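A short worksheet on the structure shown next.
The values are calculated or read from the model by the stated rules, or taken from the named source; none is laboratory data. Here the structure is a predicted model, which is why all the values come from computation and not from measurement. Positions of Cβ are backbone-derived with ideal geometry, glycine not excepted, and every protein chain shown enters the neighbour counts. The protein model used for the area step is the full one, side chains on, heavy atoms only, and it has no ligands, DNA or RNA in it. Shrake-Rupley method; radii C 1.70, N 1.55, O 1.52, S 1.80 Å.
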Amino acid sequence: FFVAMWHSLAATGSWQGEIWNRRKNGEEFPCWLTISAVKGDDQNISHFVGVFADISSIKQAQARLDYQAHHDSLTGLPNRRLFEDRLIQALAVAARARRRVALLYLDLDGFKEINDSLGHRAGDELLRTVAERLAGSIRGGDTIARLGGDEFAVIQIELRSAPDAAALADRLMVAAARPVRIAQ
């Protein structure tokens, strides 16, 4: 990094880029640094001027946008886009390591009737509750996503056997089938 920065300063008289800086309280923060060489009367570089701009808010906004682009706004689960990306990755890793991956699809039966009879607020509460239960039923490295509406999907990585996938399916069904009390 420093070699490239000094090379740019020597070649062009300037450099700019993102770096991490530290506040007086020790907190690290991202900033944009612009360095310009200042030449004296003899045309030799006499010193450098650096200007820092704190870009913490920009980074936070980018992180929020990235989260919103890849997660379901209602449940916080990965959305279809992130799910597809993780599935591609899981399949590639499994192919290289000669391992198995399970893909499970879940659809909530009768969900339309909940929305129609109790309203969308009740349907949303049901979806959030079911999402929490399903997420609590999988291992840390596995992925559960809300694909849309009342559709969920799970990627189970490092699958040892087909009965393991069946056991996960059973756990998910039991978790989803437990009664849900909807606040009215």
Residue that is of a type outside the set (A, V, I, L, M) and out of contact with any Asp or Glu (no Cβ under 7 Å at 6 or more places or on another chain), where the choices are 146, 178:
178
Within the range 38-74, which residues are of a type in the set (D, E, K, R) and either modelled with pLDDT under 95 or under 30 Å from residue 126 (Cα atoms) (or both)?
39, 41, 42, 64, 66, 72
Could you tell me whether residue 117 is outside any strand (DSSP E or B), closer than 18 Å to residue 75 by Cα and either hydroxyl-bearing (Ser, Thr, Tyr) or out of contact with any helix residue (DSSP H, G or I) (no Cβ under 8 Å at 6 or more places or on another chain) (or both)?
no
If you take the residues of the range 24-54 that are closer than 16 Å to residue 12 by Cα and under 32 Å from the mean Cα position of the chain (by Cα), which of them is surrounded by the most Cβ atoms within 10 Å (Cβ to Cβ)?
33
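Taking the options 46, 57, name whichever one is in a helix (DSSP H, G or I) and over 25 Å from residue 151 (Cα atoms).
Residue meeting the stated conditions: 57.
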With the requirement that a residue be without any contact (Cβ under 8 Å) to a residue 12 or more places away in the chain and either over 22 Å from residue 172 (Cα atoms) or in a helix (DSSP H, G or I) (or both), what does the range 86-111 give you?
88, 89, 91, 92, 95, 96, 97, 98
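Among the residues of the range 115-133, are any touching a residue at least 60 places away in the same chain (Cβ under 8 Å), open to solvent by 30 Å² or more (accessible area, probe 1.4 Å) and either within 30 Å of residue 30 (Cβ to Cβ) or under 13 Å from the mean Cα position of the chain (by Cα) (or both)?
So far as the range 115-133 goes, no, none of its residues is touching a residue at least 60 places away in the same chain (Cβ under 8 Å), open to solvent by 30 Å² or more (accessible area, probe 1.4 Å) and either within 30 Å of residue 30 (Cβ to Cβ) or under 13 Å from the mean Cα position of the chain (by Cα) (or both).
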Name the pairs whose Cβ atoms lie under 8 Å apart, with the first residue in the range 1-27 and assigned to a strand (DSSP E or B), the second loosely packed, with under 11 Cβ neighbours inside 10 Å, and 6 or more positions between them or separate chains?
20/28; 21/28; 22/28
So the check is Cβ under 9 Å with 6+ separation or different chains; which pairs have a first residue in the range 30-42 that's part of a strand (DSSP E or B) and a second one that's of a type in the set (D, E, K, R) and open to solvent by 50 Å² or more (accessible area, probe 1.4 Å)?
30/18; 30/54; 30/59; 31/18; 31/54; 32/18; 32/54; 33/18
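Please work out which residue is modelled with the lowest pLDDT, limiting yourself to the range 120-139 and to residues that are in a loop (DSSP other than H, G, I, E, B) and closer than 25 Å to residue 92 by Cα.
Across the range 120-139, the extreme among qualifying residues is 139.
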Selection within the range 140-149 - surrounded by fewer than 17 Cβ atoms within 10 Å (Cβ to Cβ) and either at pLDDT below 90 or not in a strand (DSSP E or B) (or both)
140, 141, 149
Are any of the residues in the range 15-37 of a type in the set (A, V, I, L, M, F, W, C) and either at pLDDT below 90 or in contact with a Lys or Arg (Cβ under 9 Å, 6 or more places away or on another chain) (or both)?
yes
Which of the residues belonging to the range 150-183 are closer than 22 Å to residue 85 by Cα and open to solvent by 40 Å² or more (accessible area, probe 1.4 Å)?
151, 157, 158
